[in-house]
Amino acid sequence: MAIKDTPEEWTVTATTTPFTGNKTSVRTDEVVMPDGATVTRDYQVHPGSVAVLALDDEGRVLVLRQYRHPVRQKLWEIPAGLLDIPGENPLHAAQRELYEEAHVKAEDWRVLADVYTTPGGCDEAVRIFLARELSEAEGERFEVSEEEADMELARVPQAELVRGVLAGELHNNCLVVGVLALTAAQNGDGLDALRPADAPWPARPFEA
């Protein structure tokens with residue numbers, strides 16, 4: 001049996017949206033279980049996100065430190081952002097986020113991993129890109145506000161981030177998945193064997 005996630009959709013007999021926010025909403029579905037029982041499932045509806053693990057020529061990863069109110073912590077993260085436009089090309093969104101949050105551009109892009117962040121309670125899908133051959137972006141820096149106004153940037157050796165993940169000191173899921181996937185790829189078939197940046201993404205289909 002192949003160990004591979006597969007599409008499946010159980011019967012939904014009723015749906016309501018008890019809350020609609022600025023970017024996300026909460027949906028309540030009545031779902032028919034395999035034994036015939038109908039149960040209620042509440043979950044957050046999310047447009048999807050992209051994240052960028054930017055690796056420089058010295059083996060350092062570009063990270064930022066940002067306050068996250070739901071967990072009441074400042075977390076070290078990799079650049080990331082929402083897919084604001086339905087059907088938006090995720091690579092274009094990732095390039096935008098790297099520019100806006102770090103004022104950096106990259107010449108080489110690959111898909112590092114595709115994940116569902118919390119599939120038991122949210123339909124958010126995230127594509128994590130690997131960006132290499134980094135350089136400073138042209139023009140003025142993007143003007144930040146709100147939580148991003150207090151953001152710190154750093155370039156940290158990959159090994160130090162791996163150590164922090166395994167020590168329970170780093171918790172952002174895109175950072176955790178990204179640095180561990182990067183390490184696995186380096187120890188496997190190599191980074192050039194990763195999927196191309198325009199690889200299909202069934203969770204969030206997009207136009208080329």
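Observations
- Gained length - Tyr116 relative to Asn22, 0.36 nm times residue gap less alpha-carbon distance: 31.8 nm
- Shape category assigned to the stretch 55-100 from the gyration tensor of Cα positions, a/c cut at 1.5: oblate
- Sum of side-chain charges, Arg96 neighbourhood, beta-carbon under 13 Å (Lys, Arg +1; Asp, Glu -1): -4
- Once backbone amide H atoms are built at 1.01 Å from N, Thr118 has Glu124 as its partners under 5 Å, excluding neighbours fewer than 5 places away on the same chain.
- A cut-off of 5 Å between modelled amide H atoms, ignoring neighbours fewer than 5 places along the same chain, links Ala54 with Leu62, Ala131.
- For the chain, with +1 on Lys and Arg beta carbons and -1 on Asp and Glu, the positive-most of Met1, Pro196, Leu75 along the dipole: Met1
- Cα gyration tensor shape for the stretch 49-208, rounded if a/c is under 1.5, else prolate or oblate: rounded
- Take the chain and mark each of the GluC sites (Glu not before Pro) that is in a DSSP loop with at most 12 other Cβ atoms within 10 Å; the longest unmarked stretch, sites excluded, is 59-137.
- Ranked list, fewest to most other Cβ atoms within 10 Å of each Cβ, for Ile78, Ile85: Ile85, Ile78
- Residues Glu152 and Ala37, FRET efficiency given R0 of 41 Å [Cβ-Cβ distance, rounded to 0.05]: 0.25
- A Förster radius of 35 Å, combined with the Cβ-Cβ distance separating Ala193 from His171, puts the computed FRET efficiency at roughly 0.75.
- Along the chain, counting only trypsin sites (Lys or Arg not before Pro) with a DSSP assignment other than H, G, I, E or B and at most 13 other Cβ atoms inside a 10 Å radius, the longest segment between sites is 73-140.
- A simple rule links phi to the HN-Hα coupling: the Karplus curve 6.51 cos²θ - 1.76 cosθ + 1.60 with θ = phi - 60°, which for the stretch 177-182 gives 4, x, 6, 6, 5, 4 Hz, with x for Gly and Pro.
- Remark: relative contact order (the chain) = 22 percent; criterion is Cα-Cα distance under 8 angstrom and separation of 6 or more residues.
- Ordered by the count of other Cβ atoms within 10 Å of each Cβ, fewest first, Ser135, Ser49 give Ser135, Ser49.
- The Cα atoms of the stretch 1-68 give a gyration tensor whose axes a ≥ b ≥ c have a/c of 1.5 or more with a/b no greater than b/c, which makes the shape oblate.
- Lys, Arg +1 and Asp, Glu -1 on Cβ, resulting dipole of the stretch 95-142 about Cα centre, debye, nearest 20: 140 debye
- Candidate lysines - alpha carbon under 27 Å from Lys105, same-chain residues fewer than 8 apart omitted: Lys23, Lys74
- Modelled spin-label separation between Ala2 and Arg65, with each label point placed 7 Å from Cα along the Cα-to-Cβ direction: 4.5 nm.
- Computed [θ] at 222 nm, helices only, for the chain once each DSSP H run of length n ≥ 4 contributes -39500 (n - 2.57): -5500 deg cm²/dmol
All of the numbers you see were taken from the coordinates with simple rules; none came from a lab. Bear in mind that the values here come from a model prediction, so they are computed numbers and not experimental data. Cβ sites come from the backbone with ideal geometry, for glycine too, and all protein chains shown count toward neighbours.
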